[in-house]
Amino acid sequence: MVGYEAPNPSFRRPASMDRNARSVHHQRRKLITRRLRSTEAVEYFNVLTGPELLETTEALLPEHRERLYPPTVTLSMFMRQVLEADRSCQKAVNGWAAQRVRDGLSACSVRTGAYCRARQRLPVEMVRTLARRTGHLLSEKAARPWLWRGRTVKLVDGTGLSMPDTPENQAAYPQPSTQASGVGFPLARLVMVICLATGAAHDAALGPHSGKGSGELGLVRSLLEVFAPGDVMLADALYCNYFLIAAQMKAGVDVLFEQNGSRITDFRRGRQVDVRDHLVRWPRPARPEWMTPAEYATFPKEMELREVKVGHQILVTTLLDHRRISKDDLSQLYARRWHVELDLRNLKTTTGMDVLSCQTPQMNEKQLWVHLLAYNLIRLLMVQAAHNADVDPRELSFKHTLQLWTEWAGRGLCATKDSQPLLLLIAQCRVGQRPGRIEPRMRKRRPKPYPWLKVPRAQARREVTKLGHA
């Protein structure tokens, strides 16, 4: 990684700098780095100013005045905020104020209003593009031994996200209809595309948890441009859909799914290539409501797929050549689909993305992309550490890397300058091999005996004021 020295915060660019700059590229670097300070708040942003991301970063920076919280500092503080245990805006502002005093700058107000307004001014398109770009760069950096038969495998899966119960959030992401008004929380559905080799988040689609076109299949259709010819799409049985498979085949993308439970598999039919392994032709199903007749006519009337049974699973794939890719190869590849579950757990539990904290849908979407950008930057450190140690990035611990980076920045160290010791420490902690691990989805520790809140909180406060606590 390459970082750049932060200039004196009191520096004001003279009017003649534009005329005296040696090159346009040098001037662009000055535009980005003139407001960067050697503080822990901007340490997260410094990773984005490496040579590969510099052009993208400077092109996305909005026009802005000289403020206490310029976009570079705001984005860095936002990324640090979503990765902290205490994610309050007050904590972020307090840290920034203390850092300014330590650096010999004038003390600033610790009111959160200016920082919150700066977060609102931060363009969501800038954060979204940076997150996607870092994911793409990480995937390109994958060493050949990390790939599957020299091919890029992209994992797809969906999950749910919650957010504060405000009228704006409820309007965009309604709570489940089975819950009474004021009892539940707004619920969103998220579908992600993640690189199997590096763990990088390529792209994501966010929508309501229920309603027309809000299912995972509807959201994943908006992400198909992420897949390039030669890629392999790996997902669970929910994505085993005729129209999705046909669209990917047309784009030159192979797929590997578990068979959908609604489809009957009969190995007595089709062309047998091995035991419980055959090629079969799927007829085109009836036109779904969301598809126009013109779109429906573009899909083939039937397509040839391969169905194999391994253990208790039936897998469906477009990888038809059984001589090159055996049943065991498919089984081992599908077993690696579990990485997407671990990646979503890292995002939702380790980085705290399971409950977004903003009061409006627009800010929650921005917070989501800040989470994904910070996640990709951590994956960037893991990939560099894996390159140096000659190991697979999937053998390294995401949580260990996050903890190290947070401690590194908190002690005034710079990941871009002091990278070698940091990468050596990241590579020391390896994830154990635990095939077939099974854990019950249960909790042993009982919750505290408080009654459930079954009315809106504002109504409950009024009742307490009027009647006292029950």
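Applying the criterion of being charged (D, E, K, R) and either at pLDDT 95 or above or touching a His at 6+ places or on another chain (Cβ under 7 Å) (or both) to the residues of the stretch 270-286, the residue that is nearest to Gly218 (Cα to Cα) is Arg284. Can you say whether Ser88 is under 20 Å from Leu206 (Cα atoms) and either out of contact with any strand residue (DSSP E or B) (no Cβ under 8 Å at 6 or more places or on another chain) or not aliphatic (A, V, I, L, M) (or both), as far as the supplied structure shows? No; evaluated as a whole, the condition is false for this residue. Name the one entry in Leu219, Leu137, Leu224 that is open to solvent by 10 Å² or more (accessible area, probe 1.4 Å), more than 27 Å from Leu453 (Cα to Cα), in a helix (DSSP H, G or I) and without any contact (Cβ under 8 Å) to a residue 40 or more places away in the chain. Being open to solvent by 10 Å² or more (accessible area, probe 1.4 Å), more than 27 Å from Leu453 (Cα to Cα), in a helix (DSSP H, G or I) and without any contact (Cβ under 8 Å) to a residue 40 or more places away in the chain holds for just one of Leu219, Leu137, Leu224, which is Leu224. Kindly establish whether Ala204 is touching a residue at least 60 places away in the same chain (Cβ under 8 Å) and hydrophobic (A, V, I, L, M, F, W, C). The answer is yes for Ala204. In the stretch 160-168, is there at least one residue being touching a His at 6+ places or on another chain (Cβ under 8 Å), farther than 30 Å from Asp329 by Cβ and open to solvent by 10 Å² or more (accessible area, probe 1.4 Å)? Checked against the condition, which is being touching a His at 6+ places or on another chain (Cβ under 8 Å), farther than 30 Å from Asp329 by Cβ and open to solvent by 10 Å² or more (accessible area, probe 1.4 Å), the stretch 160-168 yields at least one hit.
Would you confirm whether any residue within the stretch 344-358 is β-branched (Val, Ile, Thr) and part of a helix (DSSP H, G or I)? Within the stretch 344-358 (the criterion being β-branched (Val, Ile, Thr) and part of a helix (DSSP H, G or I)), the answer is yes, since at least one residue qualifies. Applying a threshold of 6 Å to beta carbon distances and a minimum spacing of six or more residues, or different chains, the list of pairs starting in the stretch 372-396 at a residue that is open to solvent by 10 Å² or more (accessible area, probe 1.4 Å) and ending at one that is in a strand (DSSP E or B) reads Glu395/Arg430. The helices (runs of 4 or more DSSP H) located wholly in the stretch 370-470 that include 1 or more residues which are closer than 30 Å to Trp148 by Cβ occupy 398-410, 419-428.
Considering the stretch 48-83, and only residues there that are farther than 21 Å from Val124 by Cβ and not in a helix (DSSP H, G or I), the residue that is modelled with the highest pLDDT turns out to be Leu68. Within the stretch 116-128, how many residues are open to solvent by less than 40 Å² (accessible area, probe 1.4 Å), in a helix (DSSP H, G or I) and either among the charged types (D, E, K, R) or touching a Ser or Thr at 6+ places or on another chain (Cβ under 7 Å) (or both)? Final tally of qualifying residues: 3.
Taking residues in the stretch 425-454 that are within 25 Å of Phe398 (Cβ to Cβ) and open to solvent by less than 100 Å² (accessible area, probe 1.4 Å), and partners anywhere that are acidic (Asp, Glu) and at pLDDT 85 or above, the pairs with Cβ atoms closer than 7 Å and at least 6 places apart or on different chains are Val431/Glu395. For the stretch 404-416, taking the residues that are exposed (fewer than 15 other Cβ atoms within 10 Å of the Cβ) and not small (Gly, Ala, Ser), the one that is modelled with the highest pLDDT is identified as Glu407. The criterion of at least 3 residues that are without any contact (Cβ under 8 Å) to a residue 40 or more places away in the chain and hydrophobic (A, V, I, L, M, F, W, C) is met by none of the strands (runs of 3 or more DSSP E) wholly inside the stretch 246-298. Under the condition of being open to solvent by 40 Å² or more (accessible area, probe 1.4 Å), modelled with pLDDT under 90, in a loop (DSSP other than H, G, I, E, B) and not charged (D, E, K, R), the residues counted in the stretch 92-115 number 5.
The values are calculated or read from the model by the stated rules, or taken from the named source; none is laboratory data. These figures come from a predicted structure and were not determined experimentally. Ideal geometry is used to build each Cβ from the backbone, glycine not excepted, and the neighbour counts take in all protein chains shown. Note: accessible area is taken over every heavy atom of the protein model, side chains too, but ligands, DNA and RNA are not part of it. Shrake-Rupley method; radii C 1.70, N 1.55, O 1.52, S 1.80 Å.
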